[in-house]
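Colleague: One structure coming up, written as structure tokens, with questions to follow.
The values are calculated or read from the model by the stated rules, or taken from the named source; none is laboratory data. Source: prediction; values computed, not measured. Note that each Cβ is placed from the backbone with ideal geometry, even for glycine, and that neighbours are counted across all protein chains shown. Ligands, DNA and RNA are excluded from the accessible area calculation, which covers all protein heavy atoms including side chains. Shrake-Rupley method; radii C 1.70, N 1.55, O 1.52, S 1.80 Å.
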Amino acid sequence: MKKLVIAYSGGLDTSYCAMSLSKAGYDVHAVSVNTGGFTPSEIKTIENNAYKMGVTTYKNIDAVTTFYQKVVKYLIFGNVLKNNTYPLSVSAERIIQAIEIINYAKSIGANYIAHGSTGAGNDQVRFDMIFQTIAPEIEIITPIRDQQLSRQEEIAYLKQNGIDLSWEKAKYSINKGLWGTSVGGAETLTSEQSLPENAYPSQVEKTEPEQVTLTFEKGELKAINGYKYNSVTAIETLNELASKFGIGRDIHVGDTIVGIKGRVGFEAAAALIIIKAHHLLEKHTLTKWQLQHKEYLSSFYGMHLHEGQYLDPVMRDMEAFLESSQAQVSGEVFVTLKPYHFQLDGITSKHDLMNAKFGSYGEMNKGWTADEAKGFIKILGNQNKIYQQVNA
């Protein structure tokens with residue numbers, strides 16, 4: 001038989017792919033990758049359904065820590081928000097999922113690999129590029145994209161083969177992971193409407209302001225309110241705290257890889273708080289030029305990641321720069337949580353460059369004299385003065 005690995009989510013598209021490929025004579029091995037958001041009961045349900053589709057084996061790969069170490073850590077170091085809005089919650093996950101799946105396919109000697117992407121989205125690009133780069137010898141099969149199937153056709157096929165599960169499309173599509181939850185619905189298919197309150201998975205449970213202290217060590221969140229955690233648990237803990245305030249909701253509008261505009265809602269309480277708190281700490285501990293060069297490199301890093309270019313060596317180069325920049329980014333950031341928003345109160349750090357012994361901005365100079373200040377300003381203005389006089 002022809003050994004095939006399928007990226008299996010348990011949804012309608014991947015279920016159709018698993019069954020149709022099994023019927024076509026492939027030895028189908030289903031794999032799903034947990035990058036945060038799966039509960040043990042959900043994993044068991046996905047496994048049970050996979051076997052109903054005729055797969056030979058099912059495997060769930062726990063890649064939450066890998067996702068943090070390989071991707072999320074650098075999104076924090078870079079304060080990455082696509083279009084100044086979106087923390088790349090889902091697009092970042094897809095990269096790690098694709099790598100884990102293709103590596104598994106190689107490990108079991110598969111000749112084929114399949115995914116359920118359509119021909120109109122970003123995921124087809126991310127999956128195909130990762131698969132082709134790591135294992136060009138493995139053939140990629142995409143039934144939904146190739147056959148341009150409707151949901152009704154897929155459901156009818158599964159029913160004909162004895163699968164009568166509930167495939168009713170939920171009003172809102174929810175994709176939950178470590179770095180945030182995407183929310184899609186009818187409102188996000190057009191430009192004028194916002195998502196209603198009940199579309200978001202977390203509802204407001206707290207209304208009184210609450211301050212939390214976030215402790216960073218070399219750019220990584222390591223403690224909340226004095227309690228130490230590993231970085232993954234710290235993100236999960238902060239998300240649990242902040243989501244009760246309805247924090248982290250927004251709608252992202254961006255350019256897809258295939259050239260059309262896309263709109264999606266998201267809820268990413270921990271991601272937004274961590275990025276903004278981390279950025280504040282950086283503004284106190286990094287030099288002017290570190291901050292300037294980090295800004296554009298981080299933007300490139302986020303864009304390349306979103307576009308599926310994770311395996312290009314330039315990404316390792318940028319990661320090296322981002323990691324190096326975090327050497328002094330340690331300290332505490334004080335954040336106040338409020339309904340639907342948060343407030344950055346301030347920081348403490350032994351690396352704080354806002355050190356009063358050199359002077360207080362707008363108040364008093366201690367590291368230079370008045371005459372030195374006048375001379376500095378005179379020389380600083382030379383270029384402008386020369387240009388204006390020459391071209392008067």
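Colleague: Along the positive direction of the dipole of the chain (beta-carbon charges: Lys, Arg +1; Asp, Glu -1; about the Cα centre), which of His293, Tyr8, Gly36 reaches farthest?
Modeller: His293
Colleague: Send over the Kirkwood Rh of segment 1-45, from the inverse of the averaged 1/r over different Cα pairs, rounded to one decimal Å. Show your work: numbers first, answer last.
Modeller: Numbers: mean 1/r = 0.0882 Å⁻¹.
Hydrodynamic radius (Kirkwood, Cα pairs) of segment 1-45 is 11.3 Å.
Colleague: Only Lys, Arg, Asp and Glu count, each charged at its Cβ (+1, +1, -1, -1), so figure out the dipole size of segment 278-388 about its Cα centre, rounded to 20 debye.
Modeller: 540 debye
Colleague: Collect residues whose amide H, placed 1.01 Å from N in the peptide plane, falls under 5 Å from the amide H of Val329; neighbours closer than 5 in sequence don't count.
Modeller: Result for Val329 returns Lys218, Gly219.
Colleague: Rounded to the nearest 10 Å², what accessible area does Asp352 have for a 1.4 Å probe in the complete protein model?
Modeller: Counting only protein heavy atoms, the figure is 40 Å².
Colleague: List the residues, sorted by chain then number, that are 5 or more residues from Ser9 or on another chain and whose placed amide H is less than 5 Å from its amide H.
Modeller: Thr14
Colleague: From the mean inverse distance of alpha carbon pairs (Kirkwood) and the Cα radius of gyration, derive Rg over Rh for segment 80-167. Before the final figure, lay out each step's value.
Modeller: On the way: Rg = 15.8 Å, Rh = 15.0 Å.
With Rg and the Kirkwood Rh in hand, the quotient comes to 1.05.
Colleague: Assuming a ≥ b ≥ c are the square roots of the Cα gyration tensor eigenvalues, decide whether segment 138-183 counts as rounded (a/c under 1.5), prolate (otherwise, with a/b larger than b/c) or oblate.
Modeller: Here segment 138-183 falls in the oblate category.
Colleague: Where nothing but the Cβ of Lys and Arg (+1) and of Asp and Glu (-1) is charged, how large is the charge dipole of the chain around its Cα centre, in debye to the nearest 20?
Modeller: Numbers: 38 positive and 42 negative charges, 101 e Å.
Here the chain has a charge dipole of around 480 debye.
Colleague: Please report, in Å, the Rg and the Dmax of segment 19-69, where both are computed over Cα atoms only.
Modeller: 12.6, 39
Colleague: Oh, and also: Bin width 10 Å, alpha-carbon pairs only: give the P(r) of segment 300-392 as whole percents, running from 0 to the bin holding the largest distance.
Modeller: 11, 18, 21, 28, 19, 3
Colleague: Taking the Cβ of Thr256 as the centre, find all other residues whose Cβ is under 14 Å away and add up their charges (Lys, Arg: +1; Asp, Glu: -1).
Modeller: Charge balance near Thr256 sits at +2.
Colleague: Between Val204 and Glu236, what is the label-point separation in nm under the 7 Å Cα-to-beta-carbon projection?
Modeller: A separation of 2.9 nm, rounded to one decimal place.
Colleague: Next question. Which percent of Cα pairs goes in each bin when the distances of segment 1-142 are cut into 10 angstrom slices starting at zero?
Modeller: P(r) for segment 1-142, in whole percents per bin: 12, 41, 35, 11, 2.
Colleague: Let me ask something else about it. Put one equal scatterer on each alpha carbon of segment 225-329, apply the Debye formula with no solvent term, and list log10 I(q)/I(0) at q = 0.13, 0.16, 0.17, 0.24 1/Å to two decimals.
Modeller: -0.66, -0.99, -1.10, -1.27
Colleague: Multiplying the sequence separation of Asp146 and Asn111 by 0.36 nm and subtracting their Cα-Cα distance, what value in nm do you get?
Modeller: The Asp146-Asn111 span can extend by a further 10.7 nm.
Colleague: Do any GluC sites (Glu not before Pro) in segment 156-196 lie in a loop, going by DSSP, with at most 10 other beta-carbon atoms within 10 Å of their beta carbon, and if so which? Mind showing how you got there, number by number?
Modeller: Working: sites: Glu168, Glu187, Glu192; in loops: Glu168, Glu192.
Loop-located and lightly packed - Glu168, Glu192.
Colleague: Determine which residues of segment 203-240 fall in the zone a paramagnetic label at Gln290 would reach in this model, i.e. backbone nitrogen under 16 Å from the point 7 Å along Cα→Cβ.
Modeller: 216-221
Colleague: How big is the gap, in Å, between the Cα center of segment 87-110 and the Cα center of segment 307-365?
Modeller: Each part reduced to its Cα centre gives a spacing of 31 Å.
Colleague: Largest first, how would Trp289, Trp179 line up by accessible area (1.4 Å probe)?
Modeller: Trp289, Trp179
Colleague: Tell me, how many Å apart are the Cα centres for segment 216-258 and for segment 113-165?
Modeller: Centre-to-centre (Cα) distance: 32 Å.
Colleague: Take the Cα atoms of the chain, build their convex hull, and give its volume per residue in Å³. Numbers along the way, then the final one.
Modeller: Values: hull volume 75.4 nm³, N = 392.
That works out to 192 Å³ per residue.
Colleague: Moving on to the next point. May I ask for the Kirkwood hydrodynamic radius of segment 111-248, worked out over all distinct Cα pairs and given in angstroms to one decimal?
Modeller: Details: mean 1/r = 0.0516 Å⁻¹.
With all distinct Cα pairs of segment 111-248 included, I get 19.4 Å.
Colleague: Starting from segment 217-261, pick out the trypsin sites (Lys or Arg not before Pro) whose DSSP state is loop and whose Cβ has at most 15 other Cβ atoms within 10 Å. Walk me through the intermediate numbers first.
Modeller: Working: sites: Lys218, Lys222, Lys228, Lys244, Arg249, Lys261; in loops: Lys218, Lys244.
Within segment 217-261, the qualifying trypsin sites (Lys or Arg not before Pro) (loop, at most 15 other Cβ atoms within 10 Å) are Lys218.
Colleague: Using r as the Cβ-Cβ distance of Ala170 and Thr133, and R0 as 35 Å, what FRET efficiency do you calculate, to the nearest 0.05?
Modeller: So the FRET efficiency works out to roughly 0.55.
Colleague: Right, next: Quick one: helix 288-306 against the long Cα principal axis of the chain, what's the angle to the nearest 10°, folded into 0 to 90?
Modeller: Value to nearest ten degrees: 10.
Colleague: If you don't mind, there's one more thing I want to ask. Nearest 10 degrees, 0 to 90: what angle lies between the long axis of helix 313-324 and the longest principal axis of the chain (Cα atoms)?
Modeller: Tilt relative to the chain: about 40 degrees.
Colleague: How big is segment 167-280 on each of its three principal axes, counting only the C-alpha atoms and giving the largest first in Å?
Modeller: 44, 33, 29
Colleague: Helix 231-243 versus the longest principal axis of the chain: what is the Cα-based angle in degrees, 0 to 90, to the nearest 10?
Modeller: Once rounded, one gets 90 degrees.
Colleague: Can you work out the PRE-style zone for Asn365? Point 7 Å along Cα to Cβ, and I want the residues of segment 281-310 with backbone N under 20 Å.
Modeller: 288
Colleague: Write down the accessible area per residue of the chain in Å², having rolled a 1.4 Å probe over the full set of protein chains.
Modeller: 51 Å²
Colleague: Checking the table Lys176/Lys276; Lys73/Lys283; Lys82/Lys288; Lys222/Lys350; Lys3/Lys73; Lys73/Lys228 against a 26 Å threshold on Cα-Cα, which pairs fail?
Modeller: Exceeds cut-off: Lys3/Lys73.
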